[in-house]
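Values in this text are rule-based calculations from the coordinates and carry no lab data. Everything numeric here is computed off the predicted structure, so don't read it as measured data. FYI the Cβ positions are ideal-geometry reconstructions off the backbone, even for glycines, and counts take in every protein chain you see.
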Amino acid sequence: MVRIKLVYVLLVSILFAGGFTKAQFAWDSISPDSVMYDKNFVFKEGIYITYKQFKEDRPSTREAIVTTLDPADLEYYSKLVRSVSFQVLRENGKYINVFPEDIFGYTENGITYVNTAGGFTRLVNIGAICYFPIQVERQPTVQPALGVGMGTYGGGVGVGVNIGGGGNTTTEYIFKFKSGQASTLSPEMLAEFMKDDEILFNTYVSMKKKEKKKQMHQFLREYNERHPIYFPKHDSTSQQ
C-alpha cells in the first residue's frame, strides 16, 4: 500500500479484521418489511422489464407473459429473451409489447442475468456494488459503451462493449445497486463507487497503482460486506 510492505499488510489486516459491523454501514433507513441479501437469498424467477423490478425482486412471471413457449420448460426465460418480442400483463390490467433488448434482465434456475450489448450475462456478484465480466471476441469495429465510461441502469441504459483489434478479451463491469450507476471496473471507478465509505476509500486511494489494481476484487468484496443490501419482503403471489 505504501513504501513499506509491512505497513500495507498491517493496515489491511486491521481494516479487514471486522472492526466495523455491517450494521454500522447499512443504509440509513431500513424497512421492517425488508430482508437482507445473502448467499442464501432466492430471487423470484421471471424477467425484469425495469431496473426497479430487479431492486424489488418483483419480476414479471410466466403467468403474466403471452408467448407460444411451453411454460413448463426449465429454460423458459432463456428462450423468451431470445424471441423477437412478447406481451406482458401489467398491474393496470393492460398488455404491453416487450422487446428483449429493452429489458434489464431475468432470473432463471437461481441465476440472475443482466442485459448487455452482446446478449444476457450472468451477474456474478450481487451486493451494494454488483459485478459481472463479459468475454467478447474482438473485432476491428467499435460499439457504443457507457458514455465516457459510465452510465446507469436506472435510466434504462444498457452496457456497451468497446471493441477493437482481434482475439478474445474480458471486460469487467460494476454498478451501484442503490442508484444503478454503472461503469467498467477500474481502480479509479471502484474508488469513485466507494466514496461513501471513508475508511475503505481513504485506504484504497493511498495505495500504489499496482496494488490498487491487484486488490480491486478484495476491496469490492469488503465494501459489499460492510454495506448489505435489502429486498422487500413479499408474498408468494406472482408479481408483474
Computed label-point distance, nm, for sites I111 and E172 using a 7 Å Cα→Cβ extension: 2.1 nm
Local electrostatic count, S78, Cβ distance below 13 Å [Lys/Arg +1, Asp/Glu -1]: -1
Flagged links, alpha-carbon separation over 29 Å, of K176/K233; K213/K233; K79/K214; K55/K195; K39/K94: K213/K233; K79/K214; K39/K94
